[in-house]
Amino acid sequence: MEMRINFFSGGASFARMILVVATLFIASFVATSPTLAAEGSISFMGSQIHFSYQPRLRSALKADLTPASEVGRLNLITNLIDNYLLYLMKLEKIKLEKPLNLEYSPDGSTEAVSPANHIFFTDLGINAVLKTVNAALLEIPGNSKKFLLSDRAMLETIRDQLPRRVDTMEQAMGLSNLSDLIPGLAPDMDFTFLSNTSLVSIRPEESNNALFLLSMSGSSSVLLKAGQFEYGNLLPSPGGTFLAFTDGGKPCVIAVNNVSNATGSTAPQPLFSGGNKLLLDWCWSPREDRLAGIVLDRITGNREIFVFEAAKNHLSPIFDDNTQVQGNYQFAFPYWSPDGHKLLFCSGNELHLADIDTGKVYPRVVTTPDLISEVLWSPDGLSFAIVEVCGLARSKTEFDNLDFPRSTLRRFRVSASGSAVEDMQQRHAASETIKLVSFWSKDRVLFLEGTLRPQRIASPLWNLSDVMTAHLTPSPGSHATGADNVEVADSMGILDLALGGCFAFKNIETRFKNIYDAGFGHMNHLFAEKLVTSWFIDINVPEGFPRRLETFCLRPHPYPFPERNIVYFTDLPKDKLTPLLDMLTAYNLRRFEISPDIKMIAFLSNSRGPLSLWCGALSLFSQVNMPAPPKFDEASGAGTSETTEGGEGSVNASGSSSNLPSPTLPGTSITQTSGPDQSNVLPAPSLPSPGLPAPGLPSPVLPSPSFPSGNSHQ
């Protein structure tokens, strides 16, 4: 009997056959792939575990954990469980031929995942995770229950066995790993500069997280132990005397003692009693220990403006029962005058002024026909500038400068009676985008102007050097009067300034993409939620003017640079500034800060394995290069790295001490010594090199790394 298939006359049947074959192939691939997770999942890649995370829906209001604490907890669990498995394997108490595949899906989604190849979790309690991992280990022939640990506290007795890369960019450049100042496997989640020489970091613990003080001199201490709720929104006062933070969303302030030595603090002070006020936004006064912001009452749904005097531990009643200026109608960000005596709040197209010293509130000192996008105080606090934008975006996702036919820069002077009078001499209108930068010499205002266009290839770094131009407004009116009592104005008009370079670095793309593989180490991930754009502007700054300015942009998405905008006038020449920005971009370092004196930079990176806090001088950044893939000596476990300039070095690939823990394992009488044992060092996994920089960026070059021999945990 002859079987014939007519591929032409039976087209529909053939198509169905192809569809069936393709479906069977995909199904078999899913069933045999050990690391395939559902679409949109995030992978935490340890050496012995692969942890996939399906982020919960943003509408999950009843979630036990916020996304920030969830990511921090996943980082901690990845480190603890991976360290636990490495420890048991080093003692040859378990057999594990391939990494365990764990799946955490808080919303219960397990699509595209084979249950036979994955271990599923819906709870991030460490004891629950440990119990499930132990159950999976017992399914492997030859493994015995008597060698397994059953409690989270026992995991903490295991010394650090995690392998760490020894050829990272941070180590090659001589940066300091401040995370090493705190013992333990917990990764850093967030941080802030408290002063030029000290920082505060957040680390996850069993239930919530804790605050730590870190000093560049090499000391560390616990600032605040883990409490009932999670800490976040770190905001130090300008002098570093106080630290504002949230405890479960509720605003608190803590007085930090002996900041330079990082030795301790006083008890935190909640700003409100009852725990019903949730922070929306806040800002410290530049020169006083005053904190202003807006909170949301989660019972009534009302928004309230507050001014807190930290030194007196006192909430000012200045906005109490004020029917003309209410929090419900204001943008959440408060604009402090540089002298710390006045406040501006914006409600779309209106500005409201508050004099904190006199306790008087002046509603609607400025009313505009269009949206107010930016507000900037003069250094003396006697005037301010705004940008008014006319237009409406047609697209929800893509910014088009043509949608906004006019932007207008206006400057107002505040009178003794609280009114605001515009200086018409300094008004400037343009069809392009205007960005306020700073007040300048001769009482002028520095601003950028240009036609913004969407990026062709998405990147956190925007090179606007050929897009933006720098200008100064005309000189202000002299306020003298002529024969006809007409104000005499200065004859000088708009002045163009030479702009050496203009770069804008966005920490996150949108509020809906918060998790980043910062450093491309894959083991831990960074969670970032606040929209922050850091501007690096190469322009000569007049003597005595600040080199760092922070503003808040009220323009909504899809404008590419909304909310917090920090402007840096750095002393770095272009040959050092460009490598710094290339490093941030190429290694995906979304969470970084520059010290108040603009001399140091700190950032979170997982390039070595766990998410760590690195710090170093800005002057170190002269050239940046992608590290070569690491090589390891299988006999000794020591890792070596090749360099492009002939430099060589070898270090221990273990994290800190490679010693086994002193406590006796269940079911065995083996007791380990406390001295270093180089034979127990585990080789670090060969991690992929970081992604290439965005097209158009110069290719970075790193100096030859020179590594010390011995322990690599320094």
Legend entry - Tally of residues being open to solvent by 50 Å² or more (accessible area, probe 1.4 Å) and on the phi > 0 side of the Ramachandran plot across the range 521-556: 1
Legend entry - Given (1) at pLDDT below 90; (2) in contact with a His (Cβ under 9 Å, 6 or more places away or on another chain), number of the condition F345 does not satisfy: (1)
Inset, instruction - Report yes if some residue within the range 357-367 is modelled with pLDDT of 95 or more, open to solvent by less than 10 Å² (accessible area, probe 1.4 Å) and more than 29 Å from the chain's Cα centre (by Cα); otherwise report no. - result: yes
Inset, instruction - Could you please let me know if E593 is within 30 Å of L74 (Cα to Cα), open to solvent by 30 Å² or more (accessible area, probe 1.4 Å) and part of a strand (DSSP E or B)? - result: yes
Inset, instruction - Give just the number: which of (1) closer than 30 Å to Q161 by Cβ; (2) touching a helix residue (DSSP H, G or I) at 6+ places or on another chain (Cβ under 9 Å) does G239 not satisfy? - result: (1)
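Residue-by-condition table, conditions (1) on the phi > 0 side of the Ramachandran plot; (2) of a type in the set (F, W, Y); (3) in contact (Cβ under 8 Å) with a residue 24 or more places away in the chain:
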residue: P268; (1), (2), (3): no, no, yes
residue: D297; (1), (2), (3): no, no, no
residue: F319; (1), (2), (3): no, yes, yes
residue: Y335; (1), (2), (3): no, yes, yes
residue: D339; (1), (2), (3): no, no, yes
residue: L351; (1), (2), (3): no, no, yes
Inset, instruction - Could you check how many residues of the range 149-163 are more than 19 Å from N177 (Cα to Cα), part of a loop (DSSP other than H, G, I, E, B) and open to solvent by less than 20 Å² (accessible area, probe 1.4 Å)? - result: 2
Inset, instruction - Answer yes or no as to whether L343 is surrounded by 15 or more Cβ atoms within 10 Å (Cβ to Cβ) and more than 22 Å from I566 (Cα to Cα). - result: no
Legend entry - Enumeration of residues in the range 313-332 that are within 28 Å of P268 (Cβ to Cβ), out of contact with any Asp or Glu (no Cβ under 6 Å at 6 or more places or on another chain) and either open to solvent by 80 Å² or more (accessible area, probe 1.4 Å) or assigned to a loop (DSSP other than H, G, I, E, B) (or both): N313, H314, S316, P317, I318, F319, D320, Q330, F331
Inset, instruction - Would you mind stating whether V166 is touching a residue at least 12 places away in the same chain (Cβ under 8 Å), over 30 Å from S237 (Cα atoms), open to solvent by less than 40 Å² (accessible area, probe 1.4 Å) and assigned to a helix (DSSP H, G or I)? - result: no
Inset, instruction - Considering only the range 529-555, state which residues are assigned to a loop (DSSP other than H, G, I, E, B), in contact (Cβ under 8 Å) with a residue 60 or more places away in the chain and more than 17 Å from K599 (Cα to Cα). - result: E529, I539, P542, L554, R555
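Out of the range 604-621, which residues are part of a strand (DSSP E or B) and within 18 Å of the chain's Cα centre (by Cα)?
The answer is L604, S605, S612, L613, W614, C615, G616.
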Legend entry - Selection within the range 176-198 - out of contact with any Asp or Glu (no Cβ under 9 Å at 6 or more places or on another chain) and closer than 17 Å to G521 by Cα: P187, D188, M189
Legend entry - Subset tally (residues that are open to solvent by less than 20 Å² (accessible area, probe 1.4 Å) and over 18 Å from F561 (Cβ atoms)) for the range 441-475: 6
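The values are calculated or read from the model by the stated rules, or taken from the named source; none is laboratory data. Here the structure is a predicted model, which is why all the values come from computation and not from measurement. Because the Cβ atoms are built from the backbone with ideal geometry, glycine has one as well, and the counts that use them run over all protein chains shown. Please note that ligands, DNA and RNA were not included when accessible areas were found on the heavy atoms of the full protein model with its side chains. Shrake-Rupley method; radii C 1.70, N 1.55, O 1.52, S 1.80 Å.
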